[in-house]
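**Q** Structure incoming, see below.
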Amino acid sequence: MPSRWAETAEDAAEYAKRKAEKEEKKRVKAEKQQQQQRQAEEEEAQRAQARIHNNDEDAARPNKRRRLSPTQEEQNNEDSTGRPLLRSTPRTWQPCRSIYHFDLLNHIEEGSYGFVSRARENATGNIVAIKKLKLDAIRDAGFPVTALREIQCLRAAAGHRHVVGLREVVCSDSDSTDRDRDRGSGGGKGSGGGGDGRDVYLVMDFLEHDLKTLQEEMVAPFSPSEIKALLLQLTSAVDFLHDNWILHRDLKTSNILLNNRGEIKLADFGMARFVGDPAPANLTQMVVTLWYRAPELLLGAKEYGACIDVWSLGCIFGELLLKRPVLQGQNEVDQLGLIFDLCGLPSEENWPGFKRLPNARTLRLPPSSSGKGAHGPTIRSRFPALTPTGTSLLTSCLSLNPASRPTAKEILDHAYFRESPRPKPTALFPTFPSKAGQEKRRRYASPNAPIRGEAVEGTGEVDFSSVFEGKGEV
């Protein structure tokens, strides 16, 4: 009988099966190892190829730029060594310079708000114009608002080629009144100084002529092409001011400076001020020299805008043509009468709402006032040499209705400047001998600019009831 532990055929088959399974596992494991080895070799070959490709690119790439600016660590190291660093110095508040940095040469003229002198800067030898502000009358009330506005407006207009440049503001010593008077700076009553106060001076560009004095001394008037060139320059300055919300409020030929290169610069911003849109209410009506004052100001308007400067531009245009002021009134009543003679009578058709102005209540218009043919024929007869296009421009500038006047920008684009003769280039302008270095500029008979606070006593109204007396029927 065989042993119970003897191997049977089934056991042999089972052993053979297990052995075969082990051999199969070894084979699969060996194949897997071979496959992993092949993958590793392929990856290594790819990395080697990539390294070769990168080396080729590096060889073709230009050298890296050298760092010029220091790193933060390098800056700290420079700080520790005391080497100077490149950095901008912020602006600091400093006292203004003294008037004694300038040598006053001669007095030029006196205006409503100051004395203007010619001077030489000691350090550079440059010739400048120095305006000494009048401070005596209002010193107790502080620095005058007109002077503050003048400085503010000049700074805002800095850089425009046809606005006089404000170089700096200088002061005198507190005890310099007598010395200023001895040096010919325009001292005297109302000139500034006195007590412990300090005089204030505006240092500005110097130009050889003012347009009014030059015209009075010229034998022949400016030619049409020269008038166009001057008017274009002046209007461009006014347009710049209006674009920056500045009203000059005292445009006249004596405030227009001219050099010997045919270039003009607008000066004297003593009555200028910033306005907005709409303009502030209750503006002073005592602005603009009488001969250049718009009719709405004469009638007491306290709300006005850039149109008052355009009226003055029209007066200057006519003055350049006639070589004399167009409207030379003796007072407000006479001035308004001259305006009506030139521009016609106002009516609700050509100037709506004019009767609501304060001073219009006393105005007694002739019964024949109809507004028809108000000003065209009159202006045409006063300026016979002016072309129809020029007459159209002058008529629009001298329109009684402020809303009908063109803007300065519209004047610059007017057809008058494109018709023959064209504006003369400044390089072709004639030169004129300057007398500013020899004597005081001659003052011709003309009214002064209004002084702040110079309004009529009481209500400030003017009685225009007699404006048409003695003129017969219109």
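**Q** Condition check: surrounded by 17 or more Cβ atoms within 10 Å (Cβ to Cβ), modelled with pLDDT of 95 or more, farther than 11 Å from residue 162 by Cβ and of a type outside the set (Phe, Trp, Tyr). Does residue 229 satisfy that?
**A** Yes; evaluated as a whole, the condition is true for this residue.
**Q** Considering 344, 329, 337, 353, which residue is among the small types (Gly, Ala, Ser), surrounded by fewer than 17 Cβ atoms within 10 Å (Cβ to Cβ) and farther than 26 Å from residue 165 by Cα?
**A** Checking each option against the conditions leaves just 353.
**Q** Also: Sort out which residues of the stretch 406-430 are small (Gly, Ala, Ser) and either farther than 16 Å from residue 393 by Cα or touching a residue at least 40 places away in the same chain (Cβ under 8 Å) (or both), and write them in order of number.
**A** 408, 427
**Q** So for the stretch 402-411 (the condition being assigned to a loop (DSSP other than H, G, I, E, B), closer than 30 Å to residue 206 by Cα and at pLDDT 90 or above), does at least one residue qualify?
**A** Yes, the stretch 402-411 contains a residue that is assigned to a loop (DSSP other than H, G, I, E, B), closer than 30 Å to residue 206 by Cα and at pLDDT 90 or above.
**Q** Still on this model: Contact list please: Cβ distance under 7 Å, first residue in the stretch 220-236 and at negative phi, second residue in a loop (DSSP other than H, G, I, E, B) and hydrophobic (A, V, I, L, M, F, W, C), pairs at least six apart or on different chains.
**A** These pairs meet every condition: 226/429; 230/222.
**Q** Scan 305, 314, 276 and give me the residue that is within 21 Å of residue 400 (Cα to Cα) and assigned to a loop (DSSP other than H, G, I, E, B).
**A** So the residue among 305, 314, 276 that is within 21 Å of residue 400 (Cα to Cα) and assigned to a loop (DSSP other than H, G, I, E, B) is 305.
**Q** Scan the stretch 191-200 and tell me whether some residue there is polar (S, T, N, Q) and either surrounded by fewer than 19 Cβ atoms within 10 Å (Cβ to Cβ) or at pLDDT 90 or above (or both).
**A** no
**Q** Of 275, 310, 333, which residue is over 24 Å from residue 225 (Cβ atoms), aliphatic (A, V, I, L, M) and in contact (Cβ under 8 Å) with a residue 60 or more places away in the chain?
**A** 333
**Q** State all residues of the stretch 286-305 that are buried (at least 24 other Cβ atoms within 10 Å of the Cβ) and under 15 Å from residue 248 (Cα atoms); if no residue qualifies, say none.
**A** 288, 292, 293, 294, 297 - these are the residues of the stretch 286-305 that are buried (at least 24 other Cβ atoms within 10 Å of the Cβ) and under 15 Å from residue 248 (Cα atoms).
The values are calculated or read from the model by the stated rules, or taken from the named source; none is laboratory data. Every value quoted in this text rests on a predicted model; they were computed, and no experiment measured them. Using ideal geometry, Cβ is built from the backbone for each residue, glycine included, and neighbour counts are taken over all protein chains shown.
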